[in-house]
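Enquirer: Quick one: structure below, then a few questions.
Rule-based calculations on the coordinates, nothing more; no lab input. Owing to the predicted nature of the structure, the values given are computational and were not obtained by experimental measurement. Cβ atoms come from the backbone with ideal geometry, glycine included; neighbour counts cover every protein chain shown.
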Amino acid sequence: KLEAVIFDLDGVITDTAHLHFQAWRQVACEIGIEIDETFNNTLKGISRGESLRRILHFGGCEAAFTQPQRDALASRKNGIYVDSLSQLTAQSILPGIHELLLELRERQIPTGLASVSLNAPTILNMLGIAELFTFCADAGRITHSKPDPEIFLAACDGLGVSAQRCIGIEDAQAGIDAINACGMHSIGIGAGLQHAGLRLTSTDQLTWPCLSAFWQHAQ
Ligand code: B16
Ligand code: MG
C-alpha cells in the first residue's frame, strides 16, 4: 500500500526558482559575478549557504570571502527573496497540485513536504495550502542539502512511514537523486531529469490516476 506522497516545494508546488534566481543574480552582480538561468538550474534543491559557495566558485572568488562576509551576502539574498514572496497567492500554485492534495486527503493518503528552504512554512501559508500537508520536514534541522536523502528521510520519519512505501516528487536532479537514494519511488517534473521512476513534463499531469498507475506498476 502507498503510505505517503512527499513533495518538493520549489518547482513542484510553486515556481519560486525564478524568485531565488532574481535575488541571487542581484547579490552576485553586486560582487561582480554574472549568473544566468542555466547556472541557476544547478542551484535547485541546494541550500542557501551551499548555493552561495557555488556562486563564489563560479565567479572564481571563493577564497576572497570570509565566513562573516558570506553570512552577510546570504542574508542580503534572503531579504530580497523574502520581499519578493509577497507576490505569491493561491494563483501561484502550479497546475493540478491543489486538486491532487485535496484528492490525497480524501483518500486519507498522508502528504509530506521535503523542502530545504527555511522559508517553506511561510510559502505554504501564502499559498493557503499549509493545512493540506500532514507533515513538513524542518529544513532548519537538516545538515546536508539534496542530493543527500536527509530531508526526505526526515519527512518519512515525521509521517511514520517507510521510504520504500512512498512516492517522492521533484523537479531537480539533486532532488531525484535524494529520493532514489532513500529507496523511495521518484517522479520527476520537467525536462532533462535522469533516473526518475516516472518523468512528466508538467505538474498538470500529476493526477491521482497517474500516481496510482505508477504505484501499481512499481509493485
Ligand atoms: P532558502 P526546495 C530549495 O527549495 C530551492 O530549490 C533552492 O534554490 C534554495 O536555495 C533552497 O531551497 C534554500 O532556500 O534560502 O529559502 O532557505 O527545492 O528544496 O523546495
Ligand atoms: Mg525543486
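Enquirer: Taking the alpha-carbon centroid of each part, what is the distance from the range 68-92 to the range 186-211 in angstrom?
Expert: Cα centroid of the range 68-92 versus Cα centroid of the range 186-211: 28 Å apart.
Enquirer: Please determine, in degrees from 0 to 90 and to the nearest 10, the orientation of helix 208-218 with respect to the longest principal axis defined by the Cα atoms of the chain, where the helix direction is its Cα long axis.
Expert: With both axes taken from Cα atoms, the answer is about 80 degrees.
Enquirer: Rounded to the nearest Å, what's the spacing between the alpha carbon centres of the range 13-65 and the range 128-161? Just the number, please.
Expert: Each part reduced to its Cα centre gives a spacing of 24 Å.
Enquirer: Okay, next question. Once you have the Cα-Cα distance between R70 and A213, take 0.36 nm times their residue separation minus that, and quote the gain in nm to one decimal. All intermediate terms of the calculation are to be shown ahead of the outcome.
Expert: Working: separation 143, 0.36 × 143 = 51.48 nm, distance 4.63 nm.
Computed gain between R70 and A213 is 46.9 nm.
Enquirer: Mind jotting down the three principal axis lengths of the range 146-219 based on Cα atoms? Whole angstrom, largest first.
Expert: Sorted from largest, the Cα extents of the range 146-219 read 28, 24, 19 Å.
Enquirer: From Cα pairs below 8 angstrom and at least 6 apart in sequence, can you work out the relative contact order of the chain, rounded to a whole percent?
Expert: On the way: 347 pairs, mean separation 56.1, N = 219.
Contact order relative to length: 26 percent.
Enquirer: Bins of 10 Å, beginning at zero and ending with the bin holding the largest distance: percent of Cα pairs per bin for the chain, please.
Expert: All Cα pairs considered, the percentages come to 8, 35, 36, 16, 5, 0.
Enquirer: Note down the magnitude of the dipole of the range 115-219 about its Cα centre, charges +1 on Lys and Arg C-beta and -1 on Asp and Glu C-beta and zero elsewhere, to the nearest 20 debye.
Expert: 160 debye
Enquirer: What's the angle, to the nearest 10 degrees (0 to 90), between helix 67-84's Cα axis and the longest principal axis of the chain?
Expert: Relative to the chain, helix 67-84 is tipped by roughly 60 degrees.
Enquirer: Which far-off residues, 5 or more places away or on another chain, put their amide H under 5 Å from the one on T14, with H placed in the peptide plane?
Expert: L94
Enquirer: What does the charge add up to near D8, with Lys and Arg as +1, Asp and Glu as -1, over the other residues with Cβ less than 11 Å from its Cβ? Working shown, then result.
Expert: Details: positive: K44, K146; negative: D10, E170, D171.
That works out to -1.
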